[in-house]
Structure formats: C-alpha cells, structure tokens
Amino acid sequence: MKKRTLVLGVVAALVVAGIAAASRGSLWPQGAVAQAPRQNAPRAVPVEVAPAVKKTVPVRVEALGSVTPIANVAVKPRVDTDIVGVHFRDGALVRKGDLLFTLDSRAIEAQVKQVEGLLTGAKANLEQAERDVRRYTDLVAKAATPVVNLDNARTQTNIWRASVDSNTAQLENLNVQLSYCTIRAPISGRASMAMVKEGNFVRQADLTPLATIIQIAPIYVTFSLPQGFLPDLRQALKNQTAAIEAMIPGDTRRASGQVTMIENSVDAPTGTVSVRATMPNTDELLWPGTLVTVQVTFREEPAVTVPSTAVQVSQTGTYVFVVKDDVATVRPVQVARVLGGESVLASGLDGGEAVVTNGALLLAEGSKVVIRAPKAGS
C-alpha cells in the first residue's frame, strides 16, 4: 500500500512540472532567455537663464558705522541758586539763543545796585577832586597857596579815579554773574529731558548737567575701512567723488553725504582706517548713537554683471553655465564684487551670454538643456 502511494505522488509531481513547462513555453516562446535592456535617450534638463549685461556700475564697498554728533553740549549752572523757570519741552528741537532756564537772580541784582551806588559816589568824589586840582593849580600860579595843597588834590584825584575803576570792574563782574541766571542754548540741536525742575537748587559743583543739547543737522557717520580700499578712497576724495549712503535697520530710506575725513594712520592690529562722513540730515533720519550700514561709492566704471544666483563655486574657483544652442558649457569667471543681487565680474564673460540662474545643480559640461520661464515670484 505504501509503495502504491509513493508511485502516485511521483506521477503527480511529473504532471505538475509538465504543466508549468508548457505554461512558460506559451508565455515566452523563445524560452528562458531574457531580453536585452533598451538604451534610454539623454533627457534635456529644464533651466532658467538670464543675460550677462555689460553696463556702468559703481565701485562700492559696505561697512558698519555709527552716527556721532558734531557738537554735544552739557548745560551746567555757573552760579549757586534756585531754578525759577524751565522754558523748553523735554526732547524739543532748540535753536541757538533760545531761553532754556531762568535762575533766581535777586541776590546778584541787589549786589549790582549796591555797587552802582558806590560807583556813583566815587565818580562824584572824582569830580570834586578834579575841581580842586584846577583851583589849586590857579592859586599856585598866583602864589596864593602852597604847592602841597595842589599835590594833595592830585593825590585825591588819583584815589577816587582808582575807586571808580574798581567799582566799574566789580559792576561788570556782577553783570556777568547776572547773565548766568539766564541760560540760553549755545548751539542748535535736540535737547534732552531736563534733569531739574522749577524750584530745585543747583550748584556750580554739580556733576549732573541741567540738560544736554546734541547737534542733529549736520551730523557725522564714522566707520572703518580695510586698508586695501585706502588708495581707492583717497583717489575718490581727490576727484570729489567719494559719496556715501547710510542705511538704518528697519527703515527703507537712505541718508546721503560726503566723506570729509580720513584718519591720519591705519590701526595696525585690525588693518583698518577710520573714516568720517558729514551728512546734512535735514530730515533727522540719522539719530546719534545709531548703528548703520554704510555704502561707500568710489567711482563708476563699465563691467559685466550677472545675477548672483548664476555664480557657482567649485574647488578650482567660481564659474557659470553658459547656454548656447541648447547646450550648457562651463565658463570660469572671476567675481570682483557683489552689488545687491548682481555679481560684478572681473573676467570670464564679454556680455550678452545667456547664463543659467536656476537648475545648475543638475548640469554638467555639455548637458542638453531646455529653457523654461521663471516661476512666479522668483
């Protein structure tokens, strides 16, 4: 019985194998030989291009600078007395000569009146002494009085003349002190908040000023440039073309001005030179102490520019892909500087070439390309 079961199993296996072989023969008539893979044609890479443009561009450099005032005055008292009036708003724009503070001047005014009285008396005595001199001069000429009386009269004249001069000087000194009780703006500019109010007592020895005034227009912008740009800057100053623009973070407006000073030595540890520009600042765009980005323009010259997105970097330097007849080729270039979104080239292109601005990562030398329109918003 076991032998019969084994024979039936072998027969069944042969039948199944035959069916499978017949099936393969019907699906692949040529047997188990696989077809050779079909060769794919090269695919064109979609890219965006832009022209290399030859035009006049500025020779410019950027630096970080700070706004510094031309004049900064601390207003302090010159007499010890009380504040009786504050005549400006905190932070107001004041003009030279505007009244800022009034101090209590009653004590000085009383001293002025006292000295004026002494001066009047001294002048009267001087007149009397001068009359005596004239009278004794006539009497001495007639031998009617001794010469000593004339000498005494002349001495009294000199004494009262000295008294008049002394009282006059003292009166002038008091008038100067009286003028200190009226404090006016020494310069035009923005006033700080008043550190004292009406009724406060102030002293000459106080360290804290009554207020400070900072000149706003014109104003300085001070920055440092690498010493490599010093020849260009000096030549620009000689040609009167050294212009700057200051940009404030958070503001789209720009302030313009002219470079007016180069420090007389280069800072050896940093290799930079300090430069100062004068800005008109009539609109008060620049505020003292603000950090600004400074663009210094030395001159303008013709050059070839490409979008900065077209410039690629490799181990051998910078390059761009130039498209001609739907084929991309590598063109080595040298970037002189970057202006906004454009790269100014020192060499490599003549202008008019079509350079790849998007899709360069998929390209190689001699790649086939298809030019597509820039995406919206790019």
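What FRET efficiency do you get for A141 and R161 if R0 is 22 Å and r is their Cβ-Cβ distance, rounded to the nearest 0.05?
0.40
In sequence order, what are the phi-derived ³J(HN,Hα) couplings for region 274-286 according to the Karplus relation 6.51 cos²θ - 1.76 cosθ + 1.60 with θ = phi - 60°, rounded to whole Hz, with x for glycine and proline?
Per-residue couplings from phi come out as 7, 10, 10, 10, 9, 10, x, 6, 5, 8, 6, 5, 8 Hz.
What angle do you read, to the nearest 10 degrees and between 0 and 90, between the alpha-carbon axis of helix 147-179 and the longest principal axis of the chain?
Taking the Cα atoms of the chain, the angle to 147-179 is about 30 degrees.
Just to be sure I understand the model, the point goes 7 Å from the Cα along the line to the Cβ. What's the resulting L230 to L207 distance in nm?
About 4.0 nm separates the two model spin labels.
Roughly how many whole Å is it from the C-alpha centroid of region 48-99 to that of region 321-378?
Taking the Cα centre of region 321-378 as reference, the centre of region 48-99 is 44 Å away.
Using a 1.4 Å probe over the heavy atoms of the protein chains, calculate the carbon and sulfur portion of the accessible area of the chain as a whole percent.
Carbon with sulfur: 55 percent of the solvent-accessible area.
Does anyone have the angle between helix 2-27 and the longest principal axis of the chain? Alpha-carbon axes, 0 to 90°, nearest 10?
70
If you stretched the chain out fully between R134 and S314, how much longer would it get, using 0.36 nm times the residue separation minus the C-alpha to C-alpha distance?
Gain on stretching R134 to S314: 53.9 nm.
Measure nothing fancy, just the Cα-based angle from helix 106-141's long axis to the longest principal axis of the chain, in degrees from 0 to 90, nearest 10.
40
At 7 Å along Cα-to-Cβ for each site, give me the label-to-label distance between T270 and V53 in nm.
3.6
Mind listing which trypsin sites (Lys or Arg not before Pro) in region 232-318 are in a DSSP loop and have 10 or fewer other Cβ atoms within 10 Å?
Answer in residue order: R253.
Out of residues 5 or more away from R299 or on other chains, whose amide H comes under 5 Å of its own, with H placed 1.01 Å from N in the peptide plane?
V59
Given a Förster radius of 45 Å and the C-beta distance between D325 and N239 as r, what FRET efficiency does 1/(1 + (r/R0)^6) yield to the nearest 0.05?
My answer for the efficiency is 0.50.
How much accessible area per residue does the chain have, in Å², with a 1.4 Å probe?
62
Any idea how many Lys pairs in the chain come in under 18 angstrom at the alpha carbon, given 8 or more places apart or on separate chains?
Qualifying lysine pairs in the chain: 4.
With Kirkwood radius over Cα pairs in Å in mind, check (1) 21.3; (2) 31.4; (3) 24.4 and report the label derived from this structure.
From the options (1) 21.3; (2) 31.4; (3) 24.4, the structure gives (2).
Suppose R0 equals 22 Å. What FRET efficiency, 1/(1 + (r/R0)^6) with r the Cβ-Cβ distance, do N149 and T120 give to the nearest 0.05?
It comes to 0.25.
Quick one: what are the phi-derived ³J(HN,Hα) couplings along region 248-258, Karplus 6.51/-1.76/1.60 with θ = phi - 60°, whole Hz, x for glycine and proline?
My calculation for region 248-258 gives 9, x, x, 10, 7, 6, 10, 9, 10, x, 10 Hz in order.
Given springs between every Cα pair under 10 Å in a Gaussian network model of the chain, which of T252, T56, T297 has the largest fluctuation?
T252
Run the quick spin-label model on T182 and T168: label points 7 Å from Cα toward the beta carbon, then report their separation in nm to one decimal.
The modelled label-to-label distance comes out at 2.4 nm.
Which of S308, S105, S265 moves most in a GNM of the chain, Cα contacts under 10 Å?
S265
The values are calculated or read from the model by the stated rules, or taken from the named source; none is laboratory data. A quick note: this is a predicted structure, and the numbers were derived from the prediction, not measured. Positions of Cβ are backbone-derived with ideal geometry, glycine not excepted, and every protein chain shown enters the neighbour counts. Ligands, DNA and RNA are excluded from the accessible area calculation, which covers all protein heavy atoms including side chains. Shrake-Rupley method; radii C 1.70, N 1.55, O 1.52, S 1.80 Å.
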